[in-house]
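Here the structure is laid out as structure tokens; the discussion comes afterwards.
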DNA sequence: TAGAAAATCAGTATAAATACGGATAGATTT
DNA sequence: AAATCTATCCGTATTTATACTGATTTTCTA
């Protein structure tokens, strides 16, 4: 199937410039063809759902509004396993990489890598192989397997903790968060303590940076 | 001079993919030619300093390591005023736009704008005109003129305040910051209060987000 | 040179976050 | 069945941050 007609690609990125850049980059490569594009995870998923057989490769950013790249990857991989997913990320952090692996991404590259590596990644996943940016290889061969709980995400942070973290980043106090989630302020404090540990932060400030770096929240 | 030989461009961006994307986008436009590239502000400046006449347009990202895009813009504009500067930004905030204007940028566009707008911006600055992304036009025609103090940056934040902010984002307490800057903790608290006002934040969390959004710190 | 703004410092008070040291119930894994 | 992990809760104490109302010096600029 790689011989005559080009491999069709769907790009999901909230930065139009990245999309246009990639399209231009690929315009000279007749092996690939960018069929459609989306600016958030949900639209990307909808586009695929409308005609799943149309796409062979999904090229997605990590941090996008409405639905993140990793969530999109998970959903696509579970419903349309024939689609290869290449994740593009701004940051090179253990947590995000692990999340991408757990989402069963086929390739993961950083946005600060060049055209060559990008094309290599595309070639590899077209051959049913995988490609992970060189910088993150050490991370992969660690014990990510044992953390394969569906309810554990970036850096061992639970869904509940993530929920609390999102509200913290929204400048809410423990008191306010407690009310919003119908739990005690003490419980929120405990979550905070665990978040501080898991993110190796000294204070809430570190927490905010952690959340942003790991794409757990929208800036 | 626009007639025969292409207009030479220098790109500064710490994301190689953006550089390659832009290069691909411009490869079909024979009017422009990307001569060189840099991954941070300092290298970009060095490259220009080595041969200032070689470049007609500087295309730079806002947030870059070592030297930011706006700083780069200021330095280039003061030493080599013949070079037109187009600033590429991730975020569309009043503060950043104002900073870009004060840095005398010729064009300012967002990374989520498409190829067309990008080319329009290039054409405009080639004709000694300016181009500012449509979304930010209202901001421009406000009283940015009266804030034209060289020591005032993003959102009316002074250099000292910016200094304090940078340390806050590094998870330092007021006490620690006071020691580091050889001032009283009370002074640091005052700076904090002013920063909270100017960034419209309820707490330090908002301050951190503000700093990141406006490229005042490296994440 | 008068006025504005920045940078410095102070007191007092409250609110919020962090650090301890616990505890319990439920789910999952080994 | 035992161990582990999550999510929930409590008390006490300390540290940090924020709010409010001041003030002084310097620096720049209109």
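The values are calculated or read from the model by the stated rules, or taken from the named source; none is laboratory data. What you see is a predicted model; the values in this text were computed from it and never measured. No Cβ is skipped: glycine too gets one built from the backbone with ideal geometry, and neighbour counts run over all protein chains shown.
Would you confirm whether or not the stretch B:154-164 contains a residue that is within 16 Å of DNA strand D (Cβ to nearest atom), under 30 Å from residue A:203 (Cβ atoms), within 14 Å of chain A (Cβ to nearest Cβ) and modelled with pLDDT of 85 or more?
yes
Within the stretch B:172-194, which residues are under 22 Å from residue A:210 (Cα atoms) and in contact with a helix residue (DSSP H, G or I) (Cβ under 6 Å, 6 or more places away or on another chain)?
B:174, B:177, listed by residue number.
Tally the residues that are within 11 Å of residue B:25 (Cβ to Cβ) and either more than 8 Å from every other protein chain (Cβ to nearest Cβ) or surrounded by fewer than 17 Cβ atoms within 10 Å (Cβ to Cβ) (or both), restricting the search to the stretch B:109-125.
Of the stretch B:109-125, the ones within 11 Å of residue B:25 (Cβ to Cβ) are B:114-116, B:118-119, B:122.
Subset that is either more than 8 Å from every other protein chain (Cβ to nearest Cβ) or surrounded by fewer than 17 Cβ atoms within 10 Å (Cβ to Cβ) (or both): B:114, B:116, B:119, B:122.
Residues meeting the conditions: 4.
Exactly one condition in (1) away from chain A (no Cβ under 14 Å); (2) modelled with pLDDT of 90 or more is false for residue B:66; which is it?
(2)
Count, please, the residues in the stretch B:201-214 that happen to be out of contact with any helix residue (DSSP H, G or I) (no Cβ under 7 Å at 6 or more places or on another chain) and more than 8 Å from DNA strand C (Cβ to nearest atom).
Here is the first cut: in the stretch B:201-214, the ones out of contact with any helix residue (DSSP H, G or I) (no Cβ under 7 Å at 6 or more places or on another chain) are B:202-203, B:213.
Applying the additional criterion that residues be more than 8 Å from DNA strand C (Cβ to nearest atom) yields B:202, B:213.
Total meeting the criteria: 2.
Suppose we filter the stretch B:170-200 for residues that are more than 10 Å from DNA strand D (Cβ to nearest atom), under 16 Å from residue B:217 (Cβ atoms) and within 12 Å of another protein chain (Cβ to nearest Cβ); how many remain?
So the answer is 2.
Checking residue A:86 against (1) at pLDDT 90 or above; (2) within 13 Å of chain B (Cβ to nearest Cβ); (3) over 15 Å from the mean Cα position of the chain (by Cα), which test does it fail?
(3)
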